[in-house]
1. Select from the stretch 169-196 the residues that are surrounded by fewer than 20 Cβ atoms within 10 Å (Cβ to Cβ) and either more than 26 Å from HIS6 (Cα to Cα) or charged (D, E, K, R) (or both) and list them in ascending order.
2. Of the conditions (1) modelled with pLDDT under 95; (2) within 14 Å of the ligand (Cβ to nearest atom), SER219 fails just one. Which one is it?
3. Tally up the residues in the stretch 182-216 that are touching a His at 6+ places or on another chain (Cβ under 9 Å), within 16 Å of the ligand (Cβ to nearest atom) and not acidic (Asp, Glu), please.
4. Pairs needed: first member in the stretch 172-187, free of Cβ contacts under 8 Å to residues at least 60 places away in the same chain and hydroxyl-bearing (Ser, Thr, Tyr); second member anywhere, near the ligand (Cβ under 10 Å from one of its atoms) and in a loop (DSSP other than H, G, I, E, B); C-beta distance under 8 Å; at least 6 residues apart or different chains.
5. Inspect all residues belonging to the stretch 156-167 and state whether any of them is at pLDDT 95 or above, surrounded by fewer than 24 Cβ atoms within 10 Å (Cβ to Cβ), closer than 30 Å to PHE217 by Cα and of a type in the set (S, T, N, Q).
6. Suppose we keep only residues that are buried (at least 20 other Cβ atoms within 10 Å of the Cβ) and either part of a helix (DSSP H, G or I) or among the β-branched types (Val, Ile, Thr) (or both) within the stretch 61-87. Which one would you say is farthest from the chain's Cα centre (by Cα)?
7. If you scan the stretch 29-67, which residues turn out to be hydrophobic (A, V, I, L, M, F, W, C) and in contact with a His (Cβ under 8 Å, 6 or more places away or on another chain)?
8. Kindly check whether there is at least one residue in the stretch 184-200 that is more than 17 Å from the chain's Cα centre (by Cα), of a type in the set (S, T, N, Q), under 27 Å from GLN119 (Cα atoms) and at pLDDT 95 or above.
Amino acid sequence: MKLGAHQSIAGGYSEALKRVYKIGGNCLQIFSSSPRGWNFPKVDKKELKNFLDLKFKLSIEPVYFHASYLINLADEGKISQMSIKSLVLEMNAASLLNIKGSIIHLGSYKGQKSKTKYQNLIANIREILKKTSKDSLFIIENAGNRKIGQTLEEISQIIKDVNDERLRLCLDTCHLFSNGYQFDNNKDLDEFINKLDKLNLLDRLEVWHINDSRDEFNSGHDRHANIGEGKIDINEFKTLLNHPKTKNYPFIIETPGFDNKGPDKKNLEILKSLIDI
Ligand SMILES: [Zn+2]
């Protein structure tokens, strides 16, 4: 079972490996630099060696980057240039660090979607793929509130139009729930998996973000809650963690934490308790 968490990189990337190991996780998501501004990853030789050695020693696998919140690939001008620069540096750093790639929110159309904005989006993704290492994945996360990629149909169309095998999908249970997707029993999860398959997304599915939701079903919001404290039926997590077609994916929590200090041991332990032996 691959169950892990988003962790802080304070003190260096290696520290995040130690943090996730300490709370009982075996896979990891990190930012490559502070996500609140236009900061770029820097990897020196010592950091690289420390990270690779420790990742192997603690068996933390897979590891993903989560891209900056400022990214907007449907924009024009400075924002899109900074978004491209940031993702190119990040995805190339991922390749060096034996990190699988970047999990990305594509951005928003800021008001009206237009043909030009959509074409920018596709062209910008292609440019990033062209400038990055072939072993680094571009992983689109399904979005929450008023962002690009709220529906599976929309993501499917983008993946079809970019047409590159390095495009993958990350599904966040909180964002799915707030956009009207629910599967708290095997039958509903089977239907959801069939839907993914029909949209050519099942082959692209790489990783799950497993978060409860502070907001109601189909609310259009995307605020995460601790597992069991939100509006998602606990059986949804139980179903996902035990279904033969989903149980082997990596699951990563991005919960607020029971002491509000970020994804924690207690959230992971609740999820572990749902796994049938
Ligand atoms: Zn997420």
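1. ASP184, ASN185, ASN186, LYS187, ASP188, ASP190, GLU191, ASN194, LYS195
2. Exception for SER219: condition (2).
3. Within the stretch 182-216, residues that are touching a His at 6+ places or on another chain (Cβ under 9 Å), within 16 Å of the ligand (Cβ to nearest atom) and not acidic (Asp, Glu) number 4.
4. SER178/GLY144; SER178/ASP222
5. yes
6. SER80
7. Step one: filter the stretch 29-67 for residues hydrophobic (A, V, I, L, M, F, W, C), giving 30-31, 38, 40, 43, 48, 51-52, 54, 56, 58, 60, 63, 65, 67.
Passing the criteria: ILE30, PHE31, ALA67.
8. Yes, the stretch 184-200 contains a residue that is more than 17 Å from the chain's Cα centre (by Cα), of a type in the set (S, T, N, Q), under 27 Å from GLN119 (Cα atoms) and at pLDDT 95 or above.
The values are calculated or read from the model by the stated rules, or taken from the named source; none is laboratory data. Every value quoted in this text rests on a predicted model; they were computed, and no experiment measured them. Glycine also receives a Cβ, built like all others from the backbone with ideal geometry; neighbour counts cover every protein chain displayed.
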